[in-house]
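Sending over a structure as structure tokens; questions will come in a sec.
The values are calculated or read from the model by the stated rules, or taken from the named source; none is laboratory data. Predicted, not measured: the structure shown is a model, and the values here were computed from it. For neighbour counting, all protein chains shown are included, and Cβ atoms are generated from backbone atoms with ideal geometry for every residue, glycine included.
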């Protein structure tokens, strides 16, 4: 089945489309994608992951067409950043 894996750091965004066996988990798709070699700073023990913007566990099973997202930690406190007028 075809799924995608997405990650972005401060400088680059990566969105990989790949085929994984039916019944694969989020973690299996991430490992199969090779994205951990591209971004050695990814730590799946601490970083959150999700499917289409919804937080999920690494063990969650994927469906065809799912987009796995690896989220970076928030580095700025939104309460301390001044609001921009829209």
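Listed here are the residues, each with its yes/no results for (1) outside any loop (DSSP other than H, G, I, E, B); (2) modelled with pLDDT of 95 or more; (3) on the phi < 0 side of the Ramachandran plot.
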| residue | (1), (2), (3) |
| --- | --- |
| 21 | no, yes, yes |
| 27 | yes, yes, yes |
| 31 | yes, yes, yes |
| 36 | yes, yes, yes |
| 41 | no, no, yes |
| 55 | yes, yes, yes |
| 69 | yes, yes, yes |
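Same structure again: If residue 60 passes every condition in (1) loosely packed, with under 10 Cβ neighbours inside 10 Å; (2) at pLDDT 95 or above but one, which one does it miss?
For residue 60, the failing item is (1).
Here is a follow-up. Which one is nearest to residue 72 (Cα to Cα), of the residues in region 1-57 that are loosely packed, with under 14 Cβ neighbours inside 10 Å and touching a residue at least 60 places away in the same chain (Cβ under 8 Å)?
9
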